[in-house]
Amino acid sequence: MPEARQRPASTGHQPIQAGGGIDPHWHDRNQIVYAGRGVLSVTTDAGSWVAPGTRAIWIPAGTLHQHRAYGETTLHTVGLEENPLDLDAPSALVVSPLLRELILAYTDPAENQPDETQRLRAVLLDQLRRSPQRPTYLPTPRDARLAAACDVLREDPADARTLTELGRAVGASERTLSRLCKVELGMTFPQWRTQLRLHEALRLLAEGNSVTQVAHACGWASTSAFIDTFRRAFGHTPGSRRA
């Protein structure tokens, strides 16, 4: 990442144009980030998280990160002294309809009186404690051979080559790459490929591409297979307005 600086972990909201973002920075407080509109990615040295309308990202104090917006995005941030989730690493959280409305209301202080803000905060913290985590994390490999194989798919998520075939292209055996996936990525290569394709799908959907176009561009065998995978990952279909 480029040179970073500290920014206050403020509570509020701001628009970010499609393709725009916020440069690497860190906060001295914990933070929740949420895209009330559009799709937001949060990237650290360890990897990236993606947040459609059904997800928020927990960012612990001191974590170096940067944001990027896909589609016209409204970024909502909640700065917290507390750690209601007891997490020391970034994580994607499920945003229920109630939690969404709480975040939107709490991050618009101009609309609330101080006592109302305190009541909203108390309920917001309660809902955060109940929010389950979901894996929208795409880890970044460190080994040069695995990184080269992953970069091939970053360039073209629809590339259907097996790990053995990718290994030949980067000079590593399938067994070596498979072991590195488990050690460095914490998942199998097919799982990482699926996460990558889901990240790309969210970006393409936010840019206005059709579900069928996205399914083809990201390498799913059929549109129905893409819809099924997307629904299981995010809790709604890719054609819904929450995507």
Is it the case that the stretch 136-145 has a residue that's among the hydrophobic types (A, V, I, L, M, F, W, C), more than 21 Å from residue 44 (Cβ to Cβ) and part of a helix (DSSP H, G or I)?
-> no
Counting just the residues of the stretch 91-110 that are surrounded by fewer than 21 Cβ atoms within 10 Å (Cβ to Cβ) and part of a loop (DSSP other than H, G, I, E, B), which one comes out modelled with the highest pLDDT?
-> 96
Look through 82, 72, 116 and report the one residue that is among the acidic types (Asp, Glu), surrounded by fewer than 17 Cβ atoms within 10 Å (Cβ to Cβ) and touching a helix residue (DSSP H, G or I) at 6+ places or on another chain (Cβ under 7 Å).
-> 82
Options 201, 233, 217; residue that is surrounded by 14 or more Cβ atoms within 10 Å (Cβ to Cβ), in contact with an Asp or Glu (Cβ under 9 Å, 6 or more places away or on another chain) and of a type outside the set (D, E, K, R) | 217
In the set 42, 50, which member is in contact with a Leu (Cβ under 9 Å, 6 or more places away or on another chain), of a type in the set (A, V, I, L, M), open to solvent by less than 20 Å² (accessible area, probe 1.4 Å) and within 22 Å of residue 124 (Cα to Cα)?
-> 50
Residues (of a type outside the set (A, V, I, L, M) and at negative phi) located in the stretch 52-71 = 52, 53, 54, 55, 58, 60, 63, 65, 66, 67, 68, 70
Restricting attention to helices (runs of 4 or more DSSP H) lying wholly within the stretch 164-243, give those where 2 or more residues are among the hydrophobic types (A, V, I, L, M, F, W, C) and either touching a strand residue (DSSP E or B) at 6+ places or on another chain (Cβ under 9 Å) or closer than 17 Å to residue 49 by Cα (or both).
-> 189-206, 223-234
So residue 103 clears everything in (1) over 18 Å from residue 130 (Cβ atoms); (2) touching a His at 6+ places or on another chain (Cβ under 7 Å) except one condition, right? Which one?
-> (1)
What number goes with the only condition from (1) open to solvent by less than 30 Å² (accessible area, probe 1.4 Å); (2) within 21 Å of residue 52 (Cβ to Cβ); (3) not acidic (Asp, Glu) that residue 141 does not pass?
-> (2)
In a strand (DSSP E or B), open to solvent by 20 Å² or more (accessible area, probe 1.4 Å) and either among the hydroxyl-bearing types (Ser, Thr, Tyr) or modelled with pLDDT of 95 or more (or both): does that describe residue 63?
-> no
Is it the case that the stretch 12-34 has a residue that's under 22 Å from residue 99 (Cα atoms), assigned to a strand (DSSP E or B), charged (D, E, K, R) and in contact (Cβ under 8 Å) with a residue 40 or more places away in the chain?
-> no
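The values are calculated or read from the model by the stated rules, or taken from the named source; none is laboratory data. This structure is a prediction, so every number in the text was calculated from the model and none was measured. Don't worry about glycine lacking a Cβ; one is built from the backbone with ideal geometry, like all the others, and counts go over all protein chains shown. Note: areas computed on protein heavy atoms with side chains; ligands, DNA, RNA excluded. Shrake-Rupley method; radii C 1.70, N 1.55, O 1.52, S 1.80 Å.
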